[in-house]
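Worksheet: the structure to be examined is printed underneath.
The values are calculated or read from the model by the stated rules, or taken from the named source; none is laboratory data. As the structure is a prediction and not an experimental result, all values here were calculated from the model. So basically every Cβ, Gly included, is an ideal-geometry build from the backbone, and we count neighbours across all protein chains shown.
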Amino acid sequence: MGRGEAIIYGAGMSGMVAAWNLARMGFRVVVREREDSFGGSRIFNPSTHVTPLDLEATSQYVGLDLSPAFHRVESISLYLHDLRLPLPAAGAYAVERSSRPVGLDALLYEKCLEAGVDFEFGRALRREDMEALPPGTIIACGLNEEAYQYLEIPYVTWEGWMSRGESGRSGYAWIWLDECVTEYGYASFCNGLYYNLLFSYGRGVNGECLRRYREFMLRAEGLEHEDWEYVKGVVPLAVPDNPRLVHRGFILCGTISGAMDPLMGFGISGALVSGRVAAMAVSEPERAEEEFARFTRNFASVHRFKHQVWYRLRSRVDLLEGLAETLGPEISMRLLAEAVRRGRKSSAIPGFSPVSCH
Ligand SMILES: Cc1cc2nc3c(=O)[nH]c(=O)nc-3n(C[C@H](O)[C@H](O)[C@H](O)COP(=O)(O)OP(=O)(O)OC[C@H]3O[C@@H](n4cnc5c(N)ncnc54)[C@H](O)[C@@H]3O)c2cc1C
């Protein structure tokens, strides 16, 4: 029996997880997407992303087998300037965001079509339409600034240099720390594609920093990537209490809800589980609020850790590098493995952390 209509803005990963779950509950679902097809933002995609993930627990929670789109990462390097430290890669996955058949978006889109979801492409959320939208409309517009502005959700801007293209490498990723960015440079490789991003929060990344990064890549990885573009976006990391499920009568879904890792900015596992929670918010609002609070309960403390501790360490990569050299590779790697383990545990997003989904 039908249960009414649900409207979702944004055919990205969280919007389509919400759509599929609602359609299965018996709602007539329409997804409105700004682009003229599925596959996410054309500014960033096709892209390859890497995330720590408990694939089975996440699949179970969202109700869909996500395994065809996720690929194990065999090795990850953390670079402190030129000093390479291997990161534990167990539980890390790469995923392609695109409309290609091997992409996560194609998998979710197919599932949504099978469940009877309608899509309206070329249909952006506009400020002037918002007042007329029914309460409970789901906003899943990702990292684009407009929805944050329309809804007056506090955000941080990020910007930097991006390069993407084809690559023979696979199952590999690196993270590069240098003082010229507040965050990092990272590259990931999967399905014959690479994606490379060098970015800061709250400030620009100059050409000199890009030059340093490219020289590092050539020295350390023997790689040159061309066609660098300057890109920008936003994330809801402005304040420790950023996460919110319901705001001004709208249900927030994906990154815009704050269901992400505030330390390194991993957004995939949070976006996937928040799709299910957003669908629950339509049918069982109280349970959804409980689930959302449970999953985001460590956001504030990790946010504070980032600002009070991590940024201080991070601004002296030379000291971290010197320390790692003094301790030697074995002890450094043991400490790093412990830091990664604690980092994952500090998040309460199921699938990202070892915290159970149930
Ligand atoms: C460049 C980049 C690299 C990243 N790398 C990683 C990574 O390696 N690991 C990781 O864990 N996370 C990464 N993230 C974060 C992760 O991709 C996001 O957290 C995740 O995609 C969020 O899912 P979502 O459903 O919220 O948004 P998306 O999947 O981005 O979907 C949003 C959808 O909304 C549409 N849209 C936008 N505005 C409107 C509008 N006004 N009206 C209608 N539709 C609209 C977009 O076109 C898109 O289809 C990265 C993000 C970016 C941008």
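Residue by residue, here is whether (1) out of contact with any helix residue (DSSP H, G or I) (no Cβ under 6 Å at 6 or more places or on another chain); (2) within 16 Å of the ligand (Cβ to nearest atom) holds:
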position: L193; (1), (2): yes, yes
position: S200; (1), (2): yes, yes
position: Y213; (1), (2): yes, yes
position: G222; (1), (2): yes, no
position: Y230; (1), (2): yes, yes
position: P243; (1), (2): no, yes
position: L263; (1), (2): no, yes
task = Could you list all residues from region 134-158 that are within 11 Å of the ligand (Cβ to nearest atom), in contact (Cβ under 8 Å) with a residue 40 or more places away in the chain and surrounded by fewer than 18 Cβ atoms within 10 Å (Cβ to Cβ)?
result = E145
ask   = For region 60-79, which residues satisfy the criterion of being in contact with a strand residue (DSSP E or B) (Cβ under 8 Å, 6 or more places away or on another chain), crowded, with 20+ Cβ neighbours inside 10 Å and over 27 Å from R214 (Cβ atoms)?
value = Y61, A69, F70
ask   = Are there any pairs with C-beta distances below 8 angstrom linking a residue in region 267-289 that is assigned to a helix (DSSP H, G or I) to a residue that is basic (K, R), with the two at least 6 apart or on different chains, and if so which?
value = M280/R287; S283/R3
remark   = Picking from D129, D105, D82, D118, the residue that is buried (at least 21 other Cβ atoms within 10 Å of the Cβ) and among the acidic types (D, E) would be D105
task = Please go through region 27-57 and pick out each residue that is away from the ligand (no atom under 12 Å from the Cβ) and at pLDDT below 95.
result = D54, L55, E56, A57
query = When residues of region 112-129 are filtered for being under 30 Å from D54 (Cβ atoms) and either under 21 Å from the mean Cα position of the chain (by Cα) or within 15 Å of the ligand (Cβ to nearest atom) (or both), how many remain?
reply = 3
query = So, in region 1-26, of the ones that are part of a loop (DSSP other than H, G, I, E, B) and surrounded by 24 or more Cβ atoms within 10 Å (Cβ to Cβ), which residue ends up farthest from the ligand (Cβ to nearest atom)?
reply = A11
ask   = Tally time: how many residues in region 172-191 are away from the ligand (no atom under 13 Å from the Cβ) and without any contact (Cβ under 8 Å) to a residue 60 or more places away in the chain?
value = 2
query = So which residues in region 180-220 are loosely packed, with under 15 Cβ neighbours inside 10 Å and among the aliphatic types (A, V, I, L, M), if there are any at all?
reply = L218
inquiry  = Which of the numbered conditions does L323 fail, given that it passes all the others? Conditions: (1) in contact (Cβ under 8 Å) with a residue 24 or more places away in the chain; (2) of a type in the set (A, V, I, L, M); (3) more than 13 Å from the ligand (Cβ to nearest atom); (4) surrounded by fewer than 17 Cβ atoms within 10 Å (Cβ to Cβ).
reply    = (1)
ask   = Before we move on, is E56 loosely packed, with under 15 Cβ neighbours inside 10 Å, within 19 Å of the chain's Cα centre (by Cα), on the phi < 0 side of the Ramachandran plot and not hydrophobic (A, V, I, L, M, F, W, C)?
value = yes
